[in-house]
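Notes to accompany the following structure.
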Amino acid sequence: PKAYVGNFKDNTVSVIDTGSETVVATIPVAAGPHGMGVTPDGRRVFVSGDSSSAVSVIDTATDRVIQTIEVGKAPHGLAMTPDGKTLLVGVYGDNRVAFVDVASNGIVATVPVANPHTIAIRPDGKTAYVASQEPGKFALVVLDLVSRSVERVVALEKPPRDPEFGYDGKALYFT
């Protein structure tokens, strides 16, 4: 019954009661809220701050930040695995994707990806597509989530943004 909206210039997230369509809370988060990820049970919202080095963890029961996870320079897109165990963070300023264990909120692995922007995880939880925005080498980088490695790179002419899978996982869409 709530929506969470990042307010980039204010470094906050607004919580909206979708029934009454009113703002019920405004939560200070890491500077430059950029990406959001939600646990499958809806109990936590993760917010990356691209003007910081952190991801804020919001408890949806209290609508307060309960932890800040240091991930590296300019975290952008976030994606949660379907099982809710791992959060992928595109750490744009450090040219890598960080794998965060949701139980401990600690980084358990990283994979080099040039200027990772946003991320989509296939519904089966085995593969992720990362929008790599390295100038002159734009690409979709395909990650094997089991081995935590780059599976392949699909070169593109222009910078990719906001990959999303269709409902059945058979098609990937991006701008």
*asked:* In the chain, if the dipole is taken from +1 on Lys/Arg beta carbons and -1 on Asp/Glu beta carbons about the Cα centre, which of Gly93, Ile27, Val55 is farthest to the positive end?
replied: Gly93
_With N set to the number of residues, divide the alpha-carbon radius of gyration of region 7-106 by 2.2 N^0.38 Å and report two decimals._
1.02
*asked:* Probe radius 1.4 Å, ligands and nucleic acids ignored: give me the carbon and sulfur share of the accessible area of region 49-113 as a rounded percent.
replied: 47 percent
_Can you give me the accessible area per residue for region 56-175, using a 1.4 Å probe, in Å²?_
49 Å²
*Within region 2-74, report the trypsin sites (Lys or Arg not before Pro) that DSSP leaves as loop and that have at most 14 other Cβ atoms within 10 Å.*
Arg43, Lys73
*Exposed-site-free run, longest, the chain (rule: GluC sites (Glu not before Pro); DSSP loop; at most 13 other C-beta within 10 Å)*: 22-156
*How large is the dipole of region 42-113 about the Cα centre if only Lys and Arg carry +1 and Asp and Glu carry -1, each at its Cβ, rounded to the nearest 20 debye?*
40 debye
_Long pairs among Lys9/Lys126; Lys73/Lys137; Lys73/Lys158, criterion Cα-Cα beyond 30 Å_ = Lys9/Lys126
_Point-charge dipole on Cβ atoms (K/R +1, D/E -1) for the chain, about Cα centre, debye to 20_ = 280 debye
*asked:* What three numbers, in Å, describe the spread of the alpha carbons of the chain along their principal axes, ordered from the longest?
replied: 44, 33, 31
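The values are calculated or read from the model by the stated rules, or taken from the named source; none is laboratory data. These numbers were taken from a predicted model, which means no experiment stands behind them. With ideal geometry, Cβ positions are generated from the backbone for all residues, glycine too; neighbour counts draw on all protein chains shown. Side chains are part of the model used for accessible areas, which takes the heavy atoms of the whole protein and leaves out ligands, DNA and RNA. Shrake-Rupley method; radii C 1.70, N 1.55, O 1.52, S 1.80 Å.
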